1. Enumerate the whole-percent occupancy of each 10 Å bin, from 0 to the last occupied one, for all C-alpha pair distances of the chain.
2. Around His184, under 15 Å between beta carbons, what's the net of Lys plus Arg minus Asp minus Glu among the other residues?
3. For region 162-171, in order, what is each residue's ³J(HN,Hα) by Karplus, 6.51 cos²θ - 1.76 cosθ + 1.60 with θ = phi - 60°, in whole Hz (x at glycine and Pro)?
4. Any idea what angle helix 133-143 forms with the longest principal axis of the chain, computed on alpha-carbon atoms, 0 to 90 degrees, nearest 10?
5. What is the spread of the Cα atoms of region 4-143 along each of their three principal axes, largest first, in whole Å?
6. Gap in Å between the Cα centre of region 217-290 and the Cα centre of region 47-99?
7. Angle, helix 256-270 long axis vs. longest principal axis of the chain, Cα atoms, 0 to 90°, nearest 10?
8. Kirkwood hydrodynamic radius (Cα pairs, Å) of region 51-96?
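The values are calculated or read from the model by the stated rules, or taken from the named source; none is laboratory data. None of these values were measured; they are calculated from a predicted model. All Cβ positions, even for glycine, are placed from backbone atoms using ideal geometry, and neighbour counts span all protein chains on display. In case anyone asks, the SASA skips ligands and DNA or RNA and just uses the protein heavy atoms, side chains included. Shrake-Rupley method; radii C 1.70, N 1.55, O 1.52, S 1.80 Å.
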Amino acid sequence: MNEARSGAGTSAPTVLRMILGRRLQDMRNSAGVTLEDAARALRVTPLTIRRLEKAEVGLKILYVEKLLQTYGAGPQEIDEFVGLAERANEPGWWHVYRDVVPTWFTAYVSLETGAKVLRTYEPHYVTGLLQTRGYARATLAGGFPNDSAEDLERRVDLRLRRQSLLDRPDAPTLWVVMEEAVLHRVVGGPEVMREQIDRLLEASELEHVSLDVVPFSAGAHVGACAPFTYFRFEEPELPDVVYSEILSAAVYLDQRSDVVAHLEAHNRMSLMTSSADSKALLNRMRKEYS
């Protein structure tokens, strides 16, 4: 993936497709087959092989079978790989929302769904995985002021549906660092804010959720920048990935230096407060909205 800015025309791979792409690359390297040799076997360009390995295109089954044969795979291994490739080519559950979700964000949903650890930094709003319906609706209405009522509700439904991953038996670990400013930004009115803070307090009691609120008193710090999300996966084929968003596009990073910089920033910010102090701040702010 490396450093890539995704725009409206970029295909968003599922996590399984990314895994299989990495496996194809590993198998090619283990077999001592160059990109050029693999390309000749398919009568395509080396760029096509590279795009398959990077999950930038769908896994054409005929291509996959021919490549696996070229790499010396046996019939059973080929059958198992092809079965996985067919699954990987199926659209994710979020595909039904493609009319209201930017293509560059569907990659995020795929990463979020497949991650084992998520660490987020939020300077402006509550992270989407912990938003209430009222807060989500108010936030999205502000971000998409020209939406019809129907489109807005579909965006809200997608955001809330994403939250179901926290209820799974194999739920990922979620570690949120957010600025105190988030709690002072009145989104949807006092009642909505009260409900939202209650949700944060409830979530902070979950074993797999950590919530740190960086107070104003922390002053300037290394992470005071754009929001970002760090993903770690159980599968060894997938590198850690960092996502950062701007107004009309997103950047996905998996270069080690970039990932480490964001991870260290997250660690530093989490040390600026404690769980007890964060809960105390949440409770104080809840009273202000009563």
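1. Bin by bin from 0 Å, the calculated values are 6, 25, 31, 21, 11, 5, 1.
2. Numbers: positive: Arg185, Arg194, Arg284, Arg286, Lys287; negative: Glu122, Glu179, Glu180, Glu288.
In short, +1.
3. 4, 5, 4, 5, 6, 9, 5, x, 9, 4
4. The angle comes out near 70 degrees.
5. Answer, in whole Å and largest first: 55, 28, 27 Å.
6. 33
7. 20
8. On the way: mean 1/r = 0.0880 Å⁻¹.
For region 51-96, the Kirkwood estimate is 11.4 Å.
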